[in-house]
Structure formats: C-alpha cells, structure tokens
1. In 10 Å bins starting at 0, how do the alpha-carbon pair distances of the stretch A:6-88 split up by percent?
2. 7 Å from Cα along Cα→Cβ at both residue A:93 and residue B:97: what's the point-to-point distance in nm?
3. Round to the nearest 10 and give me the degree value, 0 to 90, for the angle of helix A:115-141's Cα axis relative to the longest principal axis of chain A.
4. Could you tell me the calculated FRET efficiency between residue B:143 and residue A:123, based on Cβ-Cβ distance and R0 = 51 angstrom, to the nearest 0.05?
5. If each residue of separation counts as 0.36 nm, what is the full-extension length gain between residue B:251 and residue B:41 once their alpha-carbon separation is subtracted?
6. Please give the average number of partner chain Cβ atoms lying within 10 Å of the Cβ of each residue in A:9-19, rounded to a whole number.
7. Figure the gain on full extension for residue B:190 and residue B:155 (residue separation times 0.36 nm, minus the Cα-Cα span) and round it to one decimal in nm.
8. Between residue A:109 and residue B:105, what is the FRET efficiency for a Förster distance of 60 Å, r being their Cβ-Cβ separation, to the nearest 0.05?
C-alpha cells in the first residue's frame, strides 16, 4: 500500500459526491480547521459549515460543506459524511444568495416563534452564506 | 347479428384504449423506478458508513444518550410508509396487511430484544401512527388507530429535505419520552420483481436491528467484508481520537442515523412502489392484449355467422321462389 496517499470518500445521504486518492485535505471542524495528510492518526470529528479543500493529482478542488462528520481510519482511509456538499464551481451564486435572503426574512418573522425553528433557520443561513462565500471566492480566481 | 358485431367492435376499441394507457403508465413507472432504485442504492453507502462509525464508537466507550435508552414500552409509534396513489398492484395491500397483523398483537412487537433477554412490554400498549403516503393514513383512520401526522406531499423520488421534518419530530418525541419505541413499516426493494413488506425498529437505536437492516441492504460478499473489517477495527479502535469528545460526536451522529434510516425506508418504498406499479401495468397491458385477441376472434366468428346466415336466407328465399 502506498503510504503517501489518502483514500478519500465524501458522501451525503443522497449520494457519494467524490471518491478518489488524494494527497491532502483541509476540513472545517467544530474545533477549527484541520488539514489531514497521509498517515494521520485515527480521528473522529464533527464538521461545521465551511470550505473543504482537496489536493489530488489534478490540483486543488474546493467544495462547500455544511455539517456532518469525518472519520479517519488507521489505514489511510478518510471518510466524510456530510449533510450537504457541493463543488464550488457548480454553485449558483444568485440562487444561493436568494435562499439566504429568504431564510433571513423567515428568521425575522420567526423571532417570536419557538426556538427549534430558530435553530434550523440559523443553520440554513449559515449554510447559504457559506455557499455564497466559497462560490465567490473561486469565481474570482478564474 | 349486426348489433352484436357492433357491440364487440366497440368493446375492442375500449380495451385497446385502456391498453394504451396502461402501456404508457408502465413506461413512466419504469423510468421512475430506475431513478428511485439509483437513489436507494446511493443512500446505502452513507447508511453503511454511518453505521460502521457508530459500531467503532460503541466499542470505545459505553455511552448513555436519550436515543440509546431502552425503556419498557408503553406507547408505540408506527411510521407507515405507503404510496400516495393506487394502481400499483398489491403494493399497499401487502404493507398494510403486514402492519395490521403486527399491530393486532402489540405485545410481541413491543418487546425489546437485548442479546438473548427480552424486556417485556408494559400492559395496555397505546399505538400511534404516522403516515407517509395517503394510503397508509387512510388505513389508520379507517381502523381507528390514532393518526398523529400524515405526510402525503412527498414527491415520487423523495429527497432528504422531505424526510427531515418527520425524522426531527420522531427524534424529538422519543427524547421527550412520549414514545418508548418507534417502528417503521416499509417495503424493502429486493429487485424489480421481489419486494417485501418489513417492519423495522428505528428507536431506540439497537445494534441488533441495525445489523439486520445493514445485512439486508443486499450486497454480495457482505460476510467476508465484515469479517475483514472487524479485524481491522479491533486493531485500531483503541487509538481513535474524538474531537471535541465522544458524547458530542455521538450527539451529532445518532439523529443522523435515524434520519438516514427513515430516508432509506422512504427510498426503498418508493423504488418498490414504482416497480410494483410497473409490474401491475405490464400485467394489465398483457391482459388487455389477450382480451383483444379473444374479442377479435369472437368478432370474426360473429361476422362469419352473420354472413353465413344471410347467404342461407338468400338461398332459402331463392329456393322458395322456384
């Protein structure tokens, strides 16, 4: 087994989004951003909304993720189970922006409502803001 | 005789029209089935990985979280997954019959299996039903079960956002100790021809039941693979690091696992629905075809008989004149 390569898999409940052998990956977790290189110690952690950067043979691939969790297995296998993943270049900025605005409007309406709803809306806003941010970042580069 | 042939002709035409419709429905169902099956298979990866992770975690530490808590069952929640529309053969009938059978004997279903010991259910078990799909909701209403919610606006190929509110509600109610056991009744998609009605425990999350579900997800070499994995796991579990800590990680994972299970059930059910409908429609088309053949034969015979009779009448008339 080549020890300089990570077997990487990122899946949502709906499908496996990306599966490849990679050199390194930066992941946003609850306790801060981490970068995983091959031969990492086994780790389980919780993701938060943010930008995920994968480096493989072809170069760097940015993704926007919202919550989920990651598992690094001892044999250079990395698995990410995310709620929502998108490649940065496939995000439609306008629609993401609209979704965020909509969620924010609902938020102001729901201010008086129950806090369960509140938390969900906050999560939506975070997610959409993150999508917009990641998408914009890589739009400018191109 | 002339009237008779006309009636048969009309019949042939009407059966022909029906056949056209069933044929079209078959095509539509086939296309939808392909999509639904793909979605169901895609979800299996996630479900399997999430489960593996949970197994790893449970080996490291004994944890006590509300979702894992086993209580004697006083109140049971059944999530009944059916279709919104009919014309899909015995699809809905099967799942409803199976559920009804189980609910007649609530004690049996309410037992907890913990290893070899059973925790007996309490007396007078109350049953509440959540319907996904109209047919299940109708069944619950008709049979006097307490229908607490009905979700019938779920699309043909359900996506996670459709299922999330249901899963959230179930997790919430369980944590609030309103229910002591949650069971999901759905139709498992085995192949385009075989679908089986199943009841599966969702909460409390039990190793035994999840294991069964995972094994049922129909992959080859499953035994070989799990053996290999088990060896791997025993080697490495001691060294796992948890960030921020085990409890927080579990708190994130467990509800997800419930969501995934219900989502999976909905997907399997939708794949089954479409394939059941496809088969039903194919049978209908075939029967229509047979019927047309038979009617054609009758029509031709009637026509022939008519002609023969006319000739006989003419011949008779001519003979009388001579």
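1. 19, 61, 20
2. Label at residue A:93, label at residue B:97, 5.9 nm between them.
3. 60
4. Using R0 = 51 Å, I get an efficiency of 0.85.
5. Numbers: separation 210, 0.36 × 210 = 75.60 nm, distance 2.62 nm.
Taking 0.36 nm per residue and subtracting the Cα distance, the gain is 73.0 nm.
6. Details: counts 2, 0, 8, 5, 17, 9, 7, 5, 0, 0, 1.
Rounded to a whole number, the mean comes out at 5.
7. Working: separation 35, 0.36 × 35 = 12.60 nm, distance 2.14 nm.
Fully extending the segment from residue B:190 to residue B:155 adds 10.5 nm.
8. Values: r = 47 Å, r/R0 = 0.79.
The computed FRET efficiency comes out at 0.80.
Any read-out appearing in this document is the output of simple, stated calculations on the displayed coordinates, not a laboratory observation. As the structure is a prediction and not an experimental result, all values here were calculated from the model. For neighbour counting, all protein chains shown are included, and Cβ atoms are generated from backbone atoms with ideal geometry for every residue, glycine included.
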